1. Filter the cross-link list K26/K51; K43/K66; K41/K63; K27/K51 down to pairs whose alpha-carbon distance in this structure exceeds 20 Å.
2. Sort 51-62, 29-40 by packing, meaning the average of other beta carbons within 10 Å per residue, with the highest value first.
3. Could you run the Karplus curve 6.51 cos²θ - 1.76 cosθ + 1.60 with θ = phi - 60° over region 49-56 and give me ³J(HN,Hα) per residue in whole Hz, x for Gly and Pro?
4. Which cross-chain or sequence-distant (5 or more) residues have an amide H under 5 Å from the amide H of I24, H modelled 1.01 Å from N in plane?
5. Using the Cβ atoms and a cut-off under 14 Å, what net charge is assigned to the surroundings of L65, where Lys and Arg are +1 and Asp and Glu are -1?
6. Multiplying the sequence separation of S55 and L72 by 0.36 nm and subtracting their Cα-Cα distance, what value in nm do you get?
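Please treat every number below as a calculation from the coordinates, not as lab data. In this text the structure is predicted, and so the values were computed from the model without any measurement. Cβ: placed from backbone, ideal geometry, glycine included. Neighbour counts: every protein chain shown.
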Amino acid sequence: MTKGKDTKEVQLALHDKTGALLMIDKKERRLVKELLAITLKSKSSREWIVKKMGSEYVEIAEKLLKSMGGHL
């Protein structure tokens, strides 16, 4: 991940499977937000998430998108 030019840039903290803290910059945050929005609009994508991870992950994705300022 790249460090932004503006050191005061707010970054989103995420955790991976090991619990390690992950920081994403503005461009990465924008990408994740757009991918979540596209994914959650698709019925087949939602079904895939439920099949692979469980229905609670659709809710997690919705909450994450909302916390990032996105909407469906």
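1. Values: K26/K51 31 Å; K43/K66 18 Å; K41/K63 14 Å; K27/K51 30 Å.
Beyond 20 Å: K26/K51; K27/K51.
2. Details: 51-62: 12.6, 29-40: 15.3.
The most tightly packed comes first, giving 29-40, 51-62.
3. 4, 4, 5, 7, 10, x, 4, 5
4. Correct list: L12, L14.
5. Numbers: positive: R29, R30, K33, K41, R46, K63, K66; negative: E34, E59, E62.
Charge balance in the 14 Å sphere: +4.
6. Details: separation 17, 0.36 × 17 = 6.12 nm, distance 1.75 nm.
Extra length from S55 to L72 when fully extended: 4.4 nm.
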